Amino acid sequence: MDRLFLFSKLIACLLCFFSCLNTFSTEESFLLIHGTSNKVVMQLGPHNNERISPCSTFKVVLSLIGYDAGVLKDEKNSVQMTKALLFMEELPEGWKLFGKTGMGLVIDQDGKTLEHGWFVGWIEKDYAFFPFAYTMRAKKIEPGYRITRVKQLLAESKVLKKE
C-alpha cells in the first residue's frame, strides 16, 4: 500500500510539473500605474518598454468613431460607451475591472513563432483607478489565462485592498 501511495504522489508531481512547463517557458511583462499620481505600483518582466500592434483592439476605436461620426454627442457619452464596451467584471472590495485582450504572433531570436497575447485596461473604485498592461509570449496561450494572471498580479500588488 505504501508503494502505491508513493507512486500516486510521484505521478501527481510529474503531472503538475509537465502542466507547468508551458508556464515556466512563458515570458510575461506587467505594468500597473496609479491613475492619479502616475507612479508605478508594480512592474514585472523584460518587455515593458516595447510597443506591440493592437491587431484586435477595435472596441475602443468603435466608441471613438461613434463620437467622431456624431452618434455620440459629447465626451461624457463617449467615455460611458467605452466603459460599457470594456467592462469585464466586478472584483472583490467593490473594484471594477475594465479591459481588452488581444493576440498575435511574434518570431523570436531563434526564428521560432510564438503566440503574443496582451490584456490592457484598468481597475476602478469610486475615484481611484489603476491602468495596467500585461503581455505574454509562449508557444501556446490558453484563452482565459491573461485575465486570470492579471487578477493574480493585482492581488499581489495589494491595490485591491486600498481605498
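Just one of the listed residues (33, 52) is in contact with a Phe, Trp or Tyr (Cβ under 7 Å, 6 or more places away or on another chain), closer than 30 Å to residue 158 by Cβ and modelled with pLDDT under 65, and it is 52. The set of residues in region 109-147 that are exposed (fewer than 11 other Cβ atoms within 10 Å of the Cβ) and of a type outside the set (Gly, Ala, Ser) comprises 109, 110, 112, 113, 126, 127, 140, 143. Quick check on region 122-133. Is at least one of its residues touching a His at 6+ places or on another chain (Cβ under 8 Å) and modelled with pLDDT of 85 or more? For region 122-133, residues touching a His at 6+ places or on another chain (Cβ under 8 Å) and modelled with pLDDT of 85 or more: present.
Counting only strands (runs of 3 or more DSSP E) wholly contained in region 82-163, the ones carrying 2 or more residues that are within 11 Å of the chain's Cα centre (by Cα) and free of Cβ contacts under 8 Å to residues at least 40 places away in the same chain occupy 113-125. Checked across region 134-151, the condition of being farther than 14 Å from residue 28 by Cα and at pLDDT below 85 holds for at least one residue.
The values are calculated or read from the model by the stated rules, or taken from the named source; none is laboratory data. Computed from a predicted model, the values in this text were never measured in an experiment. Heads up, the Cβs are rebuilt from the backbone with ideal geometry, glycines too, and the neighbour counts pull from every protein chain shown.
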